[in-house]
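Inspection log for the structure reproduced underneath, given as structure tokens.
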Amino acid sequence: MIEGVTTPALRDIDYLAPCAPYPAIQSGIVNGQSSIYRYSVPTEDQPTLTIINYIPDYNGNFIKPGHYELALSNDKEFLYIIESKNLIAVVPVFKLAENESELKKYRDKNRELTKSERKELKKKERKARKKDKIRKVIESKYAKTGATLPKQDYVHMKATIDYIKEGKYYLIMYEKGYIRAWGAIKIQE
């Protein structure tokens, strides 16, 4: 039954359509509305740096526009630009600022405290340990079931990049918690 069936002859369409198959005037997303501008990739560990323009270097390579993770090295001498856990660029830090009031809290643990201050500090530490212990139990239960973890405490994070015309360089600002760091990428024109 199938052997005798023949397909009809198909004609080639070689004429122009009276109108374009797509609108001549663009509609939908325009510059400034695409995801690179509107949405940032959420991250819990490091701030997200959004690069809008191509950034060339002296070797002819460049950093593409997109969302990158900006991390500060442990010795606080370099800023790392990371994309999907791959290191893209290393930027030296030329200025580092730490909030003195926050640093004072960490450094004051070594100084002599009055009896009431020691009591208050021990109480805060005990509460923090109890909270961490509860968080670990909850995380282990979530890990067993495969559910997403609850949100952790908020830490202020910010990463910005600006082009400075006078010096022909990009200024990168990193801010996380009480630490701020500035780095620069010099470009060749």
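Would you check if there is a residue in the range 82-98 being more than 15 Å from ILE161 (Cβ to Cβ), assigned to a strand (DSSP E or B) and of a type in the set (Asp, Glu)? Within the range 82-98, one or more residues are more than 15 Å from ILE161 (Cβ to Cβ), assigned to a strand (DSSP E or B) and of a type in the set (Asp, Glu). GLU175 falls short on exactly one of the conditions (1) modelled with pLDDT of 85 or more; (2) open to solvent by 60 Å² or more (accessible area, probe 1.4 Å); (3) not aliphatic (A, V, I, L, M), and that condition is (2). Just one of the listed residues (ASP45, ASP57) is over 13 Å from the mean Cα position of the chain (by Cα) and open to solvent by 40 Å² or more (accessible area, probe 1.4 Å), and it is ASP57. Looking only at residues in the range 178-189 that are of a type outside the set (Val, Ile, Thr) and not in a loop (DSSP other than H, G, I, E, B), which one is surrounded by the fewest Cβ atoms within 10 Å (Cβ to Cβ)? Result: LYS186. Against the criterion of being modelled with pLDDT of 80 or more and over 30 Å from LYS186 (Cβ atoms), GLU102 does not qualify.
The values are calculated or read from the model by the stated rules, or taken from the named source; none is laboratory data. Bear in mind the structure is a predicted one, so any value in this text is a computation, not a measurement. Here the Cβ is made from the backbone with ideal geometry for all residues, glycine too, and neighbour counts use every protein chain on show. These accessible areas exclude ligands, DNA and RNA; they are computed on the full protein's heavy atoms, side chains included. Shrake-Rupley method; radii C 1.70, N 1.55, O 1.52, S 1.80 Å.
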